[in-house]
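Asker: This structure is in structure tokens; I'll ask about it shortly.
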Amino acid sequence: MPRAVATVLLVVYLTGLTLTVIGNTSSGSALLVSVVKGRLFSPWMTPAWLDLGFDYFFTYAQPTDAALRLEVRPHGDAAWQSGPGTGATGPRAVRWQRLLRAMLASESEPGREGLLPAAVGAGLFDWCGEDVDLQVLVVPQPDRQAPEVVPDPAVLYTARVRRVSGGEVQLIKTEARREVAPVVPTAGGAQ
Amino acid sequence: MTTPEQPADDAAALAAIGRTWEAFWFTPAGSRPLALVRMAAGILGLLAGGTYAQDLTIWFGPAGLLPVETVAAWRAPAAVSLFDVCGTTTAVWLAFSCLMLLFGLLAIGLLTPVVSVLAAAGWVSLLHRGPMLAGPADDCLAILLWCVALGAAGEHLSVDAWLHRRLGWAGPRPRVRTRLALGLLQIHAAVIAAAAVLAQLKGDVWWNGTAMWWLTTREPGRVLNLVEPLRQSEYLCNALTLGIVGWEIVVAVGLWFAPTQRLVARGALVAWPLVGLLVAEPLWGVVMAVLSLPFAGLLGRSCLKQAG
């Protein structure tokens with residue numbers, strides 16, 4: 001009897017493990033897989049481990065996955081300062097990179113948008129006062145054919161985080177300027 | 001078209017599958033290989049936990065970058081963390097210190113049955129307190145710790161074993177739960193390698209052999225700086241890239257066959273840490289090596305042979 005129970009538990013676990021691999025979030029998965037996994041397996045699997053799907057960031061090694069950098073300043077200041085974790089090395093630096101990457105990635109995830117930037121900004125109030133600007137830059141990697149040409153860092157995300165009356169933290173995301181067609185007024189046309 | 005012999009053949013095939021399953025999961029196994037895994041897991045816990053220490057307050061402190069409410073809204077609904085109740089800097093440090101102590105006790109093997117469960121639960125709690133900070137080494141270490149908690153990992157090479165001998169208590173014996181732990185280690189060692197291959201084969205850079213270049217030129221966390229040699233030799237870049245994929249395939253397959261198991265597992269003790277260095281995930285490389293450790297036959301017969 002105990003072996004029958006253990007067999008059932010093993011089969012359930014191995015099924016969950018398989019779903020974890022084929023339904024990892026980084027690559028996307030079929031709706032059926034994600035629903036079955038989310039409803040039946042995630043509630044008991046997630047508390048015991050992270051369920052990252054063994055589909056890790058480094059296994060992609062994409063040129064677009066370059067290093068990120070956090071910069072902050074009191075709102076209104078001209079000069080940006082390096083954010084916390086800038087001088088970190090080794091595994092510590094990798095954890096800071098994951099945090100910045102999660103900040104960017106969560107902006108396109110429903111329900112998570114703005115959560116991390118607001119929290120990180122609020123965490124910087126002790127450094128910069130209760131009205132801060134923060135930006136995340138990407139440091140592009142040189143191409144193998146022209147390694148001496150290192151592109152300039154590019155800003156990926158900018159926001160202002162401040163404490164408003166009542167103690168609430170407000171996030172004001174700065175949208176990148178986009179090229180738009182000029183508005184040409186037409187005589188007699190609708191304004 | 002069926003023949004009269006076919007039902008008998010089907011029944012024999014099913015019986016053979018049943019016997020293989022029974023032998024793989026339920027043949028009592030000695031716990032000496034698992035003791036090595038326990039020691040390594042304790043040391044790895046100290047190392048991986050140590051990477052949190054310097055930034056613990058700035059991340060998880062009361063005025064930290066990752067307040068409990070934000071993380072609770074961000075992480076999976078089912079995830080919970082014992083660290084959530086640590087509302088002060090002192091409490092966060094106390095909980096963290098307790099976890100480090102548990103890893104120390106696990107490494108030396110004191111009160112192993114209790115300590116191993118607490119260490120696994122504590123480690124997962126730390127990860128769920130800041131899941132956006134966690135990576136491959138943390139994820140795989142959690143698996144390692146749960147496997148150690150499942151088996152009788154304190155029966156050898158431990159303070160527990162010494163105390164048992166001193167007090168004249170029952171000595172170590174082969175156990176089914178140890179076999180279950182070893183089986184799960186083997187499954188995960190192969191599945192993680194296979195999952196890495198699947199992920200890599202989706203990316204052009206692993207096909208055209210330039211993945212190593214993009215991994216090496218990303219500076220944060222880099223351990224080996226191979227930019228110059230890789231710039232000079234495209235062949236080297238290709239060889240390292242394809243070598244990593246090839247190695248993962250070898251592990252995913254080779255761990256399952258008796259003639260290759262020990263060889264692959266011994267190779268894993270060297271190759272995985274090297275892969276970890278190359279991809280700037282050294283702790284992950286060591287964790288992967290430890291997953292294969294019981295099958296290297298360092299302390300006698302390999303686990304597959306014990307099962308058979």
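The values are calculated or read from the model by the stated rules, or taken from the named source; none is laboratory data. Remember, predicted model here, so these are calculated numbers, not experimental data. A quick note on method: Cβ atoms are made from the backbone with ideal geometry, for glycine too, and the neighbour counts reach across all protein chains shown. With ligands, DNA and RNA removed, areas are computed over all heavy atoms of the protein, side chains included. Shrake-Rupley method; radii C 1.70, N 1.55, O 1.52, S 1.80 Å.
Asker: What does the charge count near B:Leu133 come to, summing +1 for each Lys or Arg and -1 for each Asp or Glu among other residues with Cβ under 13 Å from its Cβ?
Answerer: +3
Asker: While we're here: Which positions within region B:217-255 get 40 Å² or more of their accessible surface covered by the other protein chains, compared to the chain by itself, with a 1.4 angstrom probe?
Answerer: Buried by the other chains: B:Arg218, B:Pro220, B:Gly221, B:Arg231.
Asker: Here's something else I'd like to know. Using +1 on the beta carbon of Lys and Arg, -1 on that of Asp and Glu, and nothing else charged, what's the dipole of region B:1-60 about the Cα centre, debye to 20?
Answerer: The calculated dipole for region B:1-60 is roughly 440 debye.
Asker: Short version: which residues of region B:183-201 lose at least 10 Å² of accessible area, all chains versus chain alone, 1.4 Å probe?
Answerer: Hits at the 10 Å² cut-off: B:Leu184, B:Ile187, B:His188, B:Val191, B:Ile192, B:Ala195, B:Ala196, B:Leu198, B:Ala199, B:Gln200.
Asker: Let me ask another. For region A:33-48, what does the Karplus curve 6.51 cos²θ - 1.76 cosθ + 1.60, with θ = phi - 60°, yield as ³J(HN,Hα) per residue in whole Hz, taken in order and with x for Gly and Pro?
Answerer: Whole-Hz 3J(HN,Hα) from phi for region A:33-48: 4, 5, 6, 4, 5, x, 7, 9, 10, 4, x, 9, 7, 4, x, 8.
Asker: Near B:Leu278, within a Cβ-to-Cβ distance under 13 Å, what is the net charge of the other residues, with Lys and Arg +1 and Asp and Glu -1?
Answerer: 0
Asker: Further question: Give the long-range amide H neighbours of A:Gln81: residues separated by 5 or more places, or on another chain, with amide H under 5 Å away, using H modelled in the peptide plane at 1.01 Å from N.
Answerer: Those qualifying (amide H under 5 Å, at least 5 residues apart or on another chain) are A:Val72, A:Arg73.
Asker: Dipole of the protein assembly as shown (Lys/Arg Cβ +1, Asp/Glu Cβ -1, origin at the Cα centre): which of A:Ser42, A:Thr174, A:Gly76 lies farthest to the positive side?
Answerer: A:Ser42
Asker: Distance from the Cα centre of region B:74-152 to that of region A:49-98, in angstrom?
Answerer: 24 Å
Asker: Of all accessible surface on chain A at a 1.4 Å probe, what whole percent is carbon and sulfur?
Answerer: 59 percent
Asker: Put +1 on the Cβ of each Lys and Arg and -1 on the Cβ of each Asp and Glu in region B:27-171; which of B:Ala161, B:Ala35, B:Val124 then has its Cα farthest toward the positive end of the dipole?
Answerer: B:Ala161
Asker: Please compute the per residue accessible area over chain B with all protein chains in place, 1.4 Å probe, rounded to a whole number of Å².
Answerer: Accessible area per residue: 42 Å².
Asker: Here's something else I'd like to know. If you consider only alpha-carbon coordinates, what radius of gyration and Dmax does region B:27-171 have, in Å?
Answerer: Looking at region B:27-171, its Cα Rg and Dmax stand at 16.5, 53 Å.
Asker: Quick one: pull the percent of accessible area on chain B belonging to carbon and sulfur, 1.4 Å probe, ligands and nucleic acids left out.
Answerer: 70 percent
Asker: When the helix-only estimate is applied to chain A (DSSP H runs of n ≥ 4, each -39,500 (n - 2.57), divided by the residue count), what is the mean residue ellipticity at 222 nm, nearest 500 deg cm²/dmol?
Answerer: -9500 deg cm²/dmol
Asker: Using modelled amide H (1.01 Å from N, peptide plane; none on Pro or chain starts), what sits under 5 Å from the amide H of A:Tyr157, excluding residues fewer than 5 places away?
Answerer: Counting only residues 5 or more places away or on other chains, the set is A:Val136.
Asker: Further question on the same structure: Describe numerically, in nm with one decimal, the distance between label points set 7 Å from Cα along Cα→Cβ at B:Leu224 and at A:Trp44.
Answerer: 4.2 nm
Asker: Calculate one ³J(HN,Hα) per residue across region B:233-242 by plugging θ = phi - 60° into the Karplus curve 6.51 cos²θ - 1.76 cosθ + 1.60, and present them in order as whole Hz with x for glycine and proline.
Answerer: Values per residue, Gly and Pro as x: 10, 5, 4, 4, 4, 5, 5, 5, 4, 5 Hz.
Asker: In region B:27-171, with Lys and Arg counted as +1 and Asp and Glu as -1 at Cβ, which of these residues, B:Phe83, B:Met100, B:Val71, has the Cα nearest the positive end of the dipole, that is, farthest along it?
Answerer: Ranked along the dipole, the leading option is B:Met100.
Asker: A further question on this structure: If you average the sequence gap of Cα pairs under 8 Å that are 6 or more apart and divide by the length of chain A, what percent do you get for the contact order?
Answerer: The normalised contact order for chain A reaches 15 percent.
Asker: On to the next question. Can you give the accessible area buried between chains B and A, summed over both chains, with a 1.4 Å probe, in Å² to the nearest 100?
Answerer: 5800 Å²
Asker: Can you put A:Thr7, B:Thr90 in order of accessible area, largest first, using a 1.4 Å probe?
Answerer: Highest to lowest solvent-accessible surface, that is B:Thr90, A:Thr7.
Asker: Let me ask another. Run the 1.4 Å probe and let me know the accessible area of B:Ile43, rounded to the nearest 10 Å².
Answerer: For B:Ile43, the solvent-accessible surface is approximately 90 Å².
Asker: Next question, about the same structure. With every protein chain present, what accessible area does B:Val92 have (1.4 Å probe, heavy atoms only), rounded to the nearest 10 Å²?
Answerer: That residue has around 0 Å² of solvent-accessible surface.
Asker: Something else: Just need the relative contact order of region B:175-308 here, percent rounded to a whole number, with Cα pairs under 8 Å and 6+ apart.
Answerer: With pairs under 8 Å counted, the relative contact order is 27 percent.
Asker: Continuing with the same structure: With each run of n ≥ 4 DSSP H residues scored as -39500 (n - 2.57), what mean residue ellipticity at 222 nm is computed for chain B after dividing by its residue count and rounding to the nearest 500 deg cm²/dmol?
Answerer: That comes out to -22500 deg cm²/dmol.
Asker: Residue by residue through region B:49-66, which ³J(HN,Hα) values in whole Hz follow from phi under the Karplus form 6.51 cos²θ - 1.76 cosθ + 1.60 (θ = phi - 60°), with glycine and proline marked x?
Answerer: Those phi angles translate into x, x, 6, 8, 4, 5, 10, 4, 5, 5, 8, 10, x, x, 10, x, 6, 10 Hz.
Asker: Take every Cα pair under 8 Å in chain B that's 6+ residues apart, average their separations, divide by the length, and report that relative contact order as a whole percent.
Answerer: 23 percent
Asker: Net charge near B:Ala152: determine it from the other residues with C-beta under 13 Å of the C-beta of B:Ala152, scoring Lys and Arg +1 and Asp and Glu -1.
Answerer: Computed value for this residue: +4.
Asker: A follow-up question, please. Place a +1 charge on the Cβ of each Lys and Arg in the protein assembly as shown and a -1 charge on the Cβ of each Asp and Glu, then give the dipole magnitude about the Cα centre in debye, rounded to the nearest 20.
Answerer: It comes to approximately 1640 debye.
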